[in-house]
Amino acid sequence: MGFLPIVAILLVFWLLIIRPQQRKQRETMRLQSSIEVGDQVMLTSGFFGTVTDLIEDKADIEIAPDVVVTVVRGAIANRVTESYDDPDDGADELAADPDGELDGGAPPRLEKTTDDAPASHDPRPGDN
C-alpha cells in the first residue's frame with residue numbers, strides 16, 4: 001500500500017502531461033504528411049506561404065511572389081484555412097481617406113503635446 005500514492009502521481013502525470021503531448025505530436029505529424037502542393041501554410045517561424053513543391057521530407061514554400069524557400073516538413077506549423085491574401089481585409093478602408101485630409105495635401109503633422117502632470121509628481125506605484 002505504500003507505493004499506491006506514487007502510482008497515482010505517475011498516472012496523473014501521464015494523463016495531464018504526457019498523453020496530451022503525444023496526441024498533439026500525432027496531429028502535427030498527420031498534418032505535415034497530408035500537406036499538398038497548393039496548400040497555404042504557416043511555418044513555425046511565423047511566415048505564411050503556399051506550397052509549390054514537395055520532395056521527400058522537404059517542401060518548397062512561396063512566401064512572396066518569386067520568393068521560394070525550402071524547409072523541412074517539420075517547419076510547417078499549420079494549414080491556413082482562410083486566405084491571408086484576402087482583398088477584403090480592411091486595407092481599402094485605410095487607403096480610402098474618408099475625410100479627404102491626405103488627398104493631395106501636405107502630409108499630416110504631429111502635434112507636440114504637453115504633460116499635464118506636475119513636474120514633482122513621481123508616478124511610481126505604492127507612493128501615496
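The values are calculated or read from the model by the stated rules, or taken from the named source; none is laboratory data. Everything numeric here is computed off the predicted structure, so don't read it as measured data. With ideal geometry, Cβ positions are generated from the backbone for all residues, glycine too; neighbour counts draw on all protein chains shown. Each accessible area value is taken on the protein alone, full model and side chains, heavy atoms only, with ligands, DNA and RNA left out. Shrake-Rupley method; radii C 1.70, N 1.55, O 1.52, S 1.80 Å.
Overview of values
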| item | result |
| --- | --- |
| With DNA, RNA and ligands ignored, accessible area of residue 9 (1.4 Å probe; Å², nearest 10) | 120 Å² |
| Length gained when the stretch residue 60-residue 25 is fully extended (0.36 nm per residue, less Cα-Cα span) | 10.3 nm |
| Sites residue 34 and residue 69, calculated FRET efficiency, Cβ-Cβ separation with R0 22 Å, nearest 0.05 | 0.60 |
| Karplus-derived HN-Hα couplings along the stretch 8-20 (A = 6.51, B = -1.76, C = 1.60, θ = phi - 60°), whole Hz, x at Gly and Pro | 5, 5, 5, 5, 5, 4, 5, 5, 8, 10, 6, 4, x |
| Inter-site label distance for residue 15 and residue 45 at 7 Å from Cα along Cβ, in nm | 4.2 nm |
| Which of 53, 66, 60 is most accessible, then next, and so on - probe 1.4 Å | 66, 53, 60 |
| Amide H contacts of residue 78 (H built 1.01 Å from N, under 5 Å, at least 5 apart or other chain) | 42 |
| 16, 11, 43, 31, reordered so the largest accessible area comes first (probe 1.4 Å) | 16, 11, 31, 43 |
| Accessible area in the full protein assembly, largest first, 1.4 Å probe, for 62, 56, 36 | 56, 36, 62 |
